[in-house]
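Here is the structure we will look at, set down as structure tokens.
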Amino acid sequence: MQRFPIALASLILLIASAPLLACQDAVVLVHGNTGSPSDWNNTYSELRARGVPAGAIFRPAWGSACAACNDHNGSEEWPVVNALADALTASCTGRIDVIGHSMGATLAAKQIADYGIDGYVDTFVGIAGAFRGLWSCGRYPWNVWNSTCGYWGLSVNSPFLNALDGEPLGRRVYSIKSWIDQVVCATGTCTVGGIHSSQISGETASYSVSTGHFGLQQNTAPLQADLID
């Protein structure tokens, strides 16, 4: 009976016992209003440490440096749309995970809803988003008169937020929020209709962290990675 050479048999045994490289979802990280891709450096490092390839992490840059000029309609959308499309193309699983911070959370959610790709989103995580609006923007139509707080913006009861509410965003949906968020809770209250504004209708779970608006993004990288794992 023919036998494998000892060296070859040892090599086969070594390969069989080695851990297989897991195929992982591509990840899209969408920064907030007037932010930048580098805002995700902590999350990027955490994902890389967990084996997500650099080529499977997408960090689109969107919006202008004028905070009051950005909204959820038009030029702000295309970098995010393109990143979602690129991530779907690059994903070895055929699915993606999406994490958005602040206005980036609602901006990413709109693209998922508009293009009907929620079936390809394994996990959506909204961090410090204003899914129910910002009281600092007023209540539509008696809102602060700028783009960020307007029809396509974050005023409470804006047509944009009303249309987005309840839209499916993925197989699992999580929010990360804070009761000391200096943006979402700028007027002294974090809630709209008795619910924290960062919570997402139909979400799987919500996590409260005792840190500020930007700390929610930069200091929760392990939690973010756990949620999309």
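The values are calculated or read from the model by the stated rules, or taken from the named source; none is laboratory data. Note that the structure is predicted; figures quoted are calculated from it, not measured. Neighbour counts run over all protein chains shown; Cβ positions are idealised from the backbone, glycine included. With ligands, DNA and RNA removed, areas are computed over all heavy atoms of the protein, side chains included. Shrake-Rupley method; radii C 1.70, N 1.55, O 1.52, S 1.80 Å.
Under 7 Å by Cβ, and 6 or more places apart or on different chains, what pairs join a residue from region 81-97 that is part of a helix (DSSP H, G or I) with one that is aliphatic (A, V, I, L, M) and open to solvent by 50 Å² or more (accessible area, probe 1.4 Å)?
none
To keep it simple, each residue is scored yes or no on (1) in contact (Cβ under 8 Å) with a residue 24 or more places away in the chain; (2) of a type in the set (Asp, Glu); (3) part of a loop (DSSP other than H, G, I, E, B).
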position	(1), (2), (3)
129	yes, no, yes
138	no, no, no
153	yes, no, yes
162	no, no, no
168	yes, no, yes
174	yes, no, no
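In region 188-204, what residues are open to solvent by less than 30 Å² (accessible area, probe 1.4 Å) and either closer than 12 Å to residue 127 by Cβ or not in a loop (DSSP other than H, G, I, E, B) (or both)?
Residues satisfying the conditions are 192, 196, 198, 200.
Since residue 113 meets every condition but one in (1) closer than 28 Å to residue 44 by Cβ; (2) outside any helix (DSSP H, G or I), which condition does it not meet?
(2)
Pick from 75, 45, 38: which is under 20 Å from residue 128 (Cα atoms), of a type in the set (Ser, Thr, Tyr), modelled with pLDDT of 95 or more and not in a strand (DSSP E or B)?
38
Looking only at region 140-151, count how many residues are in a loop (DSSP other than H, G, I, E, B) and open to solvent by less than 20 Å² (accessible area, probe 1.4 Å).
Of the residues in region 140-151, 1 are in a loop (DSSP other than H, G, I, E, B) and open to solvent by less than 20 Å² (accessible area, probe 1.4 Å).
Condition check: modelled with pLDDT of 95 or more, part of a loop (DSSP other than H, G, I, E, B), loosely packed, with under 15 Cβ neighbours inside 10 Å and over 13 Å from the mean Cα position of the chain (by Cα). Does residue 119 satisfy that?
No.
Can you tell me how many residues within region 176-190 are in contact with a Phe, Trp or Tyr (Cβ under 9 Å, 6 or more places away or on another chain), over 24 Å from residue 63 (Cβ atoms) and touching a residue at least 24 places away in the same chain (Cβ under 8 Å)?
Within region 176-190, residues that are in contact with a Phe, Trp or Tyr (Cβ under 9 Å, 6 or more places away or on another chain), over 24 Å from residue 63 (Cβ atoms) and touching a residue at least 24 places away in the same chain (Cβ under 8 Å) number 1.
Does region 84-100 contain at least one residue that is in contact with a strand residue (DSSP E or B) (Cβ under 6 Å, 6 or more places away or on another chain), open to solvent by less than 50 Å² (accessible area, probe 1.4 Å) and under 27 Å from residue 145 (Cα atoms)?
Scanning region 84-100 turns up at least one residue that is in contact with a strand residue (DSSP E or B) (Cβ under 6 Å, 6 or more places away or on another chain), open to solvent by less than 50 Å² (accessible area, probe 1.4 Å) and under 27 Å from residue 145 (Cα atoms).
List every residue pair whose Cβ atoms sit under 6 Å apart, with the two residues 6 or more apart in sequence or on different chains, where the first one lies in region 46-65 and is open to solvent by 20 Å² or more (accessible area, probe 1.4 Å) and the second, anywhere, is among the aromatic types (Phe, Trp, Tyr).
If the second residue must be among the aromatic types (Phe, Trp, Tyr), the pairs left are 59/40.
If we keep just the residues of region 159-173 that are closer than 14 Å to residue 205 by Cα and touching an Asp or Glu at 6+ places or on another chain (Cβ under 6 Å), which is most open to solvent (accessible area, probe 1.4 Å)?
171
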